[in-house]
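Engineer: Quick one: this structure, given as structure tokens, is what I'll be asking you about.
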Amino acid sequence: MAEERDAEGTEALIAELHKKIKDAFEVFDHESNNTVDVREIGTIIRSLGCCPTEGELHDFIAEIEEEEPTGYIRFEKFIPVMTRALVERRYRPAAEDILLRAFEVLDPAKRGFLTKDELVKYMTEEGEPFSQEEMEEMLSAAIDPESNTINYRDYITMMVVDEN
Amino acid sequence: MGCGTSSKKGNKSKKVIKAALVIQNWYRRYRARLRVRQHYALAIFQSIEYSDEQGQMQLSSFFSFMLENYTKTNNEDSALVTRIFDNTRRESQIKDRDDFLGLIEVPDSYDGPRLQFPLTFTDIHILLQAFKQQQILHAHYVLEVLFEARKVLKQMPNFSHVKTFPAKEITICGDLHGKLDDLMLIFYKNGLPSENNPYVFNGDFVDRGNNSMEILMILLVCFLVYPSDLHLNRGNHEDFMMNLRYGFTKEILQKYKLHGRKILQVLEEVYTWLPIGTIIDNEILVIHGGISESTDLNTLHQLQRNKMKSVLMPPVLGNQETGEKRNKSASNYVEPRKVEPDKTPSEDLTKQEWEQIVDILWSDPRGKKGCYPNTSRGGGCYFGPDVTSKVLSKNQLKMLIRSHECKPDGYEVSHDGKVITVFSASNYYEEGSNRGAYIRLSYGTMPQFFQYQVTSTSCLNPLHQRMNAMESSAFKILKEKMISRKTDLINAFELRDHSRSGRISLAEWAFSMENILGLNLPWRSLSSHLVTIDSSGSVDYMSSFDDIRIEKPTKDMKSNLTETMYRYRSDLKIIFNIIDSDQSGLISMDEFRTMWKLFNAHYKAHIDDSQIDELASIVDFNKDGNIDFNEFLKAFYVVHKYDKPGTSLA
């Protein structure tokens, strides 16, 4: 890499980031008018590799919403904030072993699994609770219907493989 | 995050909260990624679908081109072109139904459904039961239904008028595209059609799915039993030329080996008698595609709708109406059917009337204001919310309900609630791609939406597995698109690869892909599925073609010729079908050559005459001067390296 390309390098990097953000945004821009439904913002941010909590997401949206919220987010407002988040490497996802430890905290008896009721209780009552739809979806993928339990090691492996 | 061994209750609770947060956070990201993958797959399916439709429209302009240029061709050629046009414009001298039906008997051994005319609701039940068991309705009954339907439809105006006031509810369904399970599900959830349960089916009953015939029969029989309560609107696929490309013709010829051609002939005419739209309570317009800024309901009410045979057969234009430059050497310019600007010969619509119908059947709503040509599909336009407001208020209407576009949730509301899209074929592109929906309307209330998704019993898979299946299907067809343009793509890549390293930047790759394929897709996000990217972020552009190739009839055929054949195979199939006037499946070598010359000139396919001659002799398998074009086209198909044999899509 020639030195004179360094300055251009950053510009090029930003340009590529912008393109990437635009691509992700456009997927949800159903009317092709550079706006997306505010409820899709979380999905878009996460598709770009970020992992904000619901609280962080809420703050992000507050920053890019219109003065009088319209239910839609405009691309011009979205892109500077999203670019900054990517450049500053904000909202990094937790590593896989952290995820495993989290399950183990919920399973102090170290059985290797959680029962359906336990998982539902934790996910819908603690932290940033799941909606019913989210809970049902997670169960449909995670649960072993015969034993009504979730083997969390297997579950993590499956989710991680899918990511790649 | 360690595990405290002797923690106070407060600490433990904090740990639990933190743990829950980690899991929820991770899951939400996982779910978001799945949803985005679903959207990408849908975007791929949709853009390829529309680009295909564009191909259909291009064929239309090819026919116009042939007609305009035929005087330049020599005598033999012009004879061919005349024949093509005589075939496409053949007067529907549909023989009397007695001529047709008299020749077809239902044998005693037939154990499929038997209908009794005049039809009653019993026949509806008989049909539904039979189709659930995958029986096939005998050609005799198919033709009887078609003839009866033609008779009744002929009496109807261009727009059906329906009232829900005071106490009726009406159900509106969108595209079904031959998916029988969806229709069965709708009837199960919403009840069969009757005087108290009216329906509007908003076009595109056929093509793509495997049961177009069954759906058509059910709908036509219901229509014949309840003509005032079952309303059918024509869609852009109720068009015999679209059927040639998109599967219904093939389905008919497969299910009805003996009488398929007769059925096709009558069907062609029945389509033209389908009403253009339905108007509910004088305030809601239900049409298949959309509108344009020039949509004029008065014109649409008055024109003779049955003259709209196909979107591929625009009215023949006179000198004054065409915008294209006429050939200067027009000294012995002979015009075939010339149309005087103010008069229409009995067989054609005016240009304006024809365009009005195309707009109704092909347009799509968009957020951008104004009215623009619909470049994705190649026909109709994109219309903005201002166009909707204007056209609706000009005609004292309140709402437009249309179909034509697949939506992930089965329906979509746009243009400030003035436009509703309803699409009733769930899993349209692939298992898990989208839900289907229908609308229930009654006077003075908000429309109610009902959604569903047909799942095959073997497919109660969790979301991520369905996602994987859909995704791999989408990428497979995208790669097939890529290989059909391999030569052009490689040229574009090499233009940017100054050092001949086989690598270019992601940006350059994305730009070339979009440019050559003409598909508006998020290429950067899709790149990892299509091509190998090394650690420095450079794209190894040849890697896309490692696991896929086009099979060809002989080894020595040049790749650009192979690609061209593969790329245009649908168009060629249609053209050959038309040339083949006696429907023998064979055309002569001369016809083949002539057709190719014209095709080459219009499509700029860069195939020179010697290649054509070579090709012609290759495909004349029997060396008898005739070409079996179905065999010929079957010879070009894509092989995916990791497929089991026999599973590639031709």
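Engineer: Out of everything in the stretch B:512-538 that is in contact with an Asp or Glu (Cβ under 8 Å, 6 or more places away or on another chain), hydrophobic (A, V, I, L, M, F, W, C) and not in a helix (DSSP H, G or I), what residue ends up being surrounded by the fewest Cβ atoms within 10 Å (Cβ to Cβ)?
Structural biologist: Among them, the one singled out is B:I533.
Engineer: Report, by residue number, each residue of the stretch B:539-560 that is crowded, with 18+ Cβ neighbours inside 10 Å and more than 30 Å from B:I627 (Cα to Cα).
Structural biologist: Residues satisfying the conditions are B:V539, B:Y541, B:S544.
Engineer: Here's another thing I want to ask about it. Considering only helices (runs of 4 or more DSSP H) fully contained in the stretch B:193-303, which possess at least 3 residues that are surrounded by 20 or more Cβ atoms within 10 Å (Cβ to Cβ)?
Structural biologist: Passing ranges, in order: B:212-225, B:240-246, B:248-255, B:260-273.
Engineer: Which count do you get for residues in the stretch A:23-69 that are buried (at least 16 other Cβ atoms within 10 Å of the Cβ), assigned to a helix (DSSP H, G or I) and more than 7 Å from chain B (Cβ to nearest Cβ)?
Structural biologist: Residues that pass the stated criteria total 11.
Engineer: Suppose we keep only residues that are touching a residue at least 24 places away in the same chain (Cβ under 8 Å) and part of a loop (DSSP other than H, G, I, E, B) within the stretch A:119-146. Which one would you say is farthest from the other protein chains (Cβ to nearest Cβ)?
Structural biologist: Applying the filter and picking the extreme gives A:I143.
Engineer: Please verify whether the stretch A:65-81 includes one or more residues that are among the small types (G, A, S), at positive phi and touching a residue at least 40 places away in the same chain (Cβ under 8 Å). Break it down stepwise before answering.
Structural biologist: First, the residues of the stretch A:65-81 that are among the small types (G, A, S): A:71.
Within this subset, residues satisfying the condition of being at positive phi are A:71.
Now narrow it down to the ones that are touching a residue at least 40 places away in the same chain (Cβ under 8 Å): none.
Looking for residues that are among the small types (G, A, S), at positive phi and touching a residue at least 40 places away in the same chain (Cβ under 8 Å), one finds none in the stretch A:65-81, hence no.
Engineer: Identify the residue in the stretch A:131-156 that is among the hydroxyl-bearing types (S, T, Y) and more than 18 Å from A:K110 (Cα to Cα) and, among all such residues, is modelled with the highest pLDDT.
Structural biologist: Per the criteria, the residue is A:S131.
Engineer: Among the residues of the stretch B:210-225, is there at least one that is assigned by the TED database to the domain that holds B:L441, under 24 Å from B:Q135 (Cα atoms), modelled with pLDDT under 95 and not charged (D, E, K, R)?
Structural biologist: Of the residues in the stretch B:210-225, the ones assigned by the TED database to the domain that holds B:L441 are B:210-225.
Of the ones still in play, those that are also under 24 Å from B:Q135 (Cα atoms) are B:210-225.
Narrowing the set further to residues that are modelled with pLDDT under 95 leaves B:210.
Still in the list and also not charged (D, E, K, R): B:210.
The answer is yes; a qualifying residue exists.
Engineer: Ok, one more. For the stretch B:117-132, give me each residue that is of a type in the set (V, I, T) and either touching a strand residue (DSSP E or B) at 6+ places or on another chain (Cβ under 8 Å) or not in a helix (DSSP H, G or I) (or both).
Structural biologist: Listed by number, the list holds a single entry, B:T120.
Engineer: In the set B:T272, B:T278, which member is more than 21 Å from the chain's Cα centre (by Cα) and either farther than 21 Å from B:G384 by Cα or of a type in the set (A, V, I, L, M, F, W, C) (or both)?
Structural biologist: B:T278
Engineer: Do we find that B:K623 is modelled with pLDDT under 75 and under 24 Å from the mean Cα position of the chain (by Cα) in this structure?
Structural biologist: no
Listed here are the residues, each with its yes/no results for (1) touching a residue at least 12 places away in the same chain (Cβ under 8 Å); (2) part of a strand (DSSP E or B).
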{"site": "B:I401", "(1), (2)": "yes, yes"}
{"site": "B:T421", "(1), (2)": "yes, yes"}
{"site": "B:E430", "(1), (2)": "yes, no"}
{"site": "B:M446", "(1), (2)": "no, no"}
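Engineer: Okay, moving on. Considering only the stretch B:455-472, state which residues are at pLDDT 85 or above and of a type in the set (A, V, I, L, M). Talk me through it step by step, then tell me what you get.
Structural biologist: Pass one, the stretch B:455-472, residues at pLDDT 85 or above: B:470-472.
Within the stretch B:455-472, B:M470 is the sole residue that qualifies.
Engineer: Name the one entry in B:A149, B:A139 that is surrounded by 14 or more Cβ atoms within 10 Å (Cβ to Cβ), within 25 Å of B:L244 (Cβ to Cβ) and modelled with pLDDT of 95 or more.
Structural biologist: Result of the check over B:A149, B:A139: B:A149.
Each row is one residue, and each column tells you yes or no for (1) of a type in the set (S, T, N, Q); (2) modelled with pLDDT of 95 or more; (3) closer than 30 Å to B:M446 by Cβ.
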| position | (1), (2), (3) |
| --- | --- |
| B:F131 | no, yes, no |
| B:L143 | no, no, no |
| B:C173 | no, yes, yes |
| B:L192 | no, yes, yes |
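Engineer: Considering only residues of the stretch B:566-620 that are of a type in the set (F, W, Y) and under 30 Å from B:L258 (Cβ atoms), which is farthest from the chain's Cα centre (by Cα)?
Structural biologist: For the stretch B:566-620, the residue satisfying everything is B:F592.
Engineer: Of all residues being part of a loop (DSSP other than H, G, I, E, B), in contact with a helix residue (DSSP H, G or I) (Cβ under 9 Å, 6 or more places away or on another chain) and within 13 Å of chain B (Cβ to nearest Cβ) in the stretch A:70-107, which is surrounded by the most Cβ atoms within 10 Å (Cβ to Cβ)? Just the residue, please. Working first, answer last.
Structural biologist: To start, the set of residues in the stretch A:70-107 that are part of a loop (DSSP other than H, G, I, E, B) comprises A:70-71, A:88-95, A:107.
In the following step, the residues that additionally are in contact with a helix residue (DSSP H, G or I) (Cβ under 9 Å, 6 or more places away or on another chain) were identified as A:70-71, A:90-91, A:93-94, A:107.
Add one more test, that the residue is within 13 Å of chain B (Cβ to nearest Cβ), and what stays is A:70-71, A:91, A:93-94, A:107.
Working: A:T70: 11, A:G71: 10, A:Y91: 20, A:P93: 18, A:A94: 17, A:D107: 18.
Per the stated criteria, the residue is A:Y91.
Engineer: Let me ask something else. Hey, B:A507 hits all of (1) modelled with pLDDT of 90 or more; (2) assigned to a helix (DSSP H, G or I) but one; which does it fall short on?
Structural biologist: (1)
Engineer: How many residues, within the stretch A:108-118, are in a helix (DSSP H, G or I) and crowded, with 16+ Cβ neighbours inside 10 Å?
Structural biologist: Residues in the stretch A:108-118 being in a helix (DSSP H, G or I) and crowded, with 16+ Cβ neighbours inside 10 Å: 1 in total.
Engineer: Within the group B:G203, B:G289, which residue is within 16 Å of the chain's Cα centre (by Cα) and closer than 20 Å to B:K351 by Cα?
Structural biologist: B:G289
The values are calculated or read from the model by the stated rules, or taken from the named source; none is laboratory data. Note that the structure is a prediction, hence the values are computed from the model and not measured. When we count neighbours, we look across all protein chains shown, and the Cβ atoms used for this are built from the backbone with ideal geometry, even at glycine.
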